[in-house]
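Right, one structure below, let's go through it.
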Amino acid sequence: MKKRIFRTLTLFSVLSVTVVALIITAFSVYSNMWQMERNLQETVQSIADSYTQWDGMEECRIFLDTLSDNIRATLIDADGTVLYETDAEANEMENHLDRPEIQAAIQDGRGEASRKSTTLNARTYYYAVRLDDGNVLRLAREYSNMYRIVFNSVIIILLWITLLIAVSVIASRRLTIWLIRPIVHLADHIGNLEDADVYDELEPFIRHIREQNEAIDEQKSILQRERETLNIVTRNMREGVLLISDDRNIISVNPSAIIMLSGQHARAEDYIGRTFLLLNRTKTWYECVDRALKGENAEDELRYQGAVYRLFASPILRNGRIDGSVVIVLDVTQKRLAEQMRREFSANVSHELKTPLTSISGYAEMMELGMVQKPEDQQEFARRIHKEALRLIALINDIIRLSRIEEGMPKKFQPVSLRQLCEETRESLLPLAEREQIALHITGDDCLVMGDPGMLTELLYNLSENAIKYNRPNGHVWITMKKQGSEAMLAVRDDGIGIPEESWQRVFERFYRVDKSRSKQTGGTGLGLSIVKHIVEYHDGRIALESELGSGTTIRVWLPLPKHAPQ
């Protein structure tokens, strides 16, 4: 717009200067010609007035000879014969009676004409006056003299035109800047139009822009809030979310995706605009994203650094063209472990239930077929059936208790004294300890915790029972309690056979037995320590095991102390 205004003003100024210069030049030429004709007429009239005072034709000729060189004087008889000519021989000249100015002078006393002279070979102005004696006096002057004067002044005129054009260009430039300044100010302050000093004609335009700015600001505010909400949601999602462009670069990624795919904590800004392979270079990851970028919905399972992730990749379409891909990453490690544990649990339960049922069925069948005749044998078989039935009942009860704990029963905690809990447990296990020749000891200060009394009793009972069963004759079991910071520590230590280090973590698994032959002798179900672990987790505690073969085992449980003294 600025260039257009400048060009328009400059062109208008140049044309104006040129037209004015031409008009002035033409007017100057016309004025000079008119002045020249006027002067020539006055000269002729003056000579005609003086003609009567001169003494004869000779004195008139003498005066005519004194005229300026650019004036041609001719004295003509009434019949058209040239009597005198200042620029030629009179007797050699043709008759001038047919000249229009001569005829007009003879008839009307004066006449004028303008034509190209055959004598001078130039365009000439003629003016003739009839004298008192009947002769005609004619003066002539060439127009070329006027043209020559104008031509001599052309250089000066051109210089003036050039100067005026330069001034016009400068003035056009300044005028353009002055005209554009309000618009430039408007453009520089497009966001704040309240104090804009512009033309009144621009007010509707400014009003429209102001309304558009308000609408844009509102939309920007809405988009900003939606973007912040989306960022907060994706940033706090446990699932990984990625946006990948069609050129295979990362557009957006949340922290969960970075941790799951790269195995490290890093800023999302470190990956934006870079290839998606920077996160993970496995074949599964590449093929899943590649299929999505080719327009397919892809789903796969990625095993990486001991974890299992489910990948869902879908193409992003815009106007029918693939514009990128969105990828969702789910951590299904716990789900796969749970599925594996359920399969193992089902297999173990089936095996553990089958063993006592097989024994019961076998003994009962033998008695049914009359293969047991002696009363003492029948009594022995009945005892064995009763023993296997008790084992089966204990196994079922343990499975039921474990299932209830896993289901997340509502927590109805109450104050529990660990000292009282230990004393009751010691009293319950005293017959078993005496039979196994094991000494039970309770040490430490009393601690009051919030928990489920039944579960905590079962926890301590299972730990103490295992310490007694997997001990040596004349062995010892120590039950210790004490406060450690914000926790209460409960430890059960024995000096029995111990547990090999490779089994420390597995002893808390369901149905896992370090020594299966000894477990069958003691009648264990293989669920005791698994129940203990779930009870500890149910109470938001933690458990640890230390053991040495031949020296004994220590299992410690930490339970949180109440923040306020319970009533």
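Kindly report the accessible area of segment 49-96 per residue (heavy atoms of protein chains, probe 1.4 Å, no ligands, DNA or RNA), in Å².
Dividing the accessible area of segment 49-96 by its residue count gives 58 Å².
Return the inverse of the average 1/r over all pairs of distinct C-alpha atoms in segment 241-345, which is the Kirkwood hydrodynamic radius, in Å to one decimal.
For segment 241-345, inverting the mean 1/r across all distinct Cα pairs yields 14.2 Å.
With bins 5 Å wide starting at 0, give me the P(r) of segment 454-501 over every alpha carbon pair, in whole percents.
Going out from 0 Å in 5 Å bins, segment 454-501 shows 5, 19, 24, 22, 16, 10, 3, 0 percent.
What nm distance separates the two modelled labels at R181 and M93, each placed 7 Å from Cα along Cα→Cβ?
7.0
Need the full-extension length gain, A439 to I216, defined as separation in residues times 0.36 nm minus the C-alpha distance. One decimal, nm.
Details: separation 223, 0.36 × 223 = 80.28 nm, distance 8.32 nm.
Between A439 and I216, full extension yields 72.0 nm more.
What translational diffusion coefficient, in µm²/s and rounded to a whole number, does the Stokes-Einstein relation yield for segment 413-507 at 20 °C and a viscosity of 1.002 mPa s, taking the hydrodynamic radius as the Kirkwood radius over Cα pairs?
153
Dividing the convex hull volume of the alpha carbon atoms of segment 1-93 by its residue count, what do you get in Å³ per residue?
Residue-normalised Cα hull volume stands at 144 Å³.
The values are calculated or read from the model by the stated rules, or taken from the named source; none is laboratory data. Since the structure is predicted, the reported quantities are computational estimates derived from the model, not experimental observations. Using ideal geometry, Cβ is built from the backbone for each residue, glycine included, and neighbour counts are taken over all protein chains shown. Side chains are part of the model used for accessible areas, which takes the heavy atoms of the whole protein and leaves out ligands, DNA and RNA. Shrake-Rupley method; radii C 1.70, N 1.55, O 1.52, S 1.80 Å.
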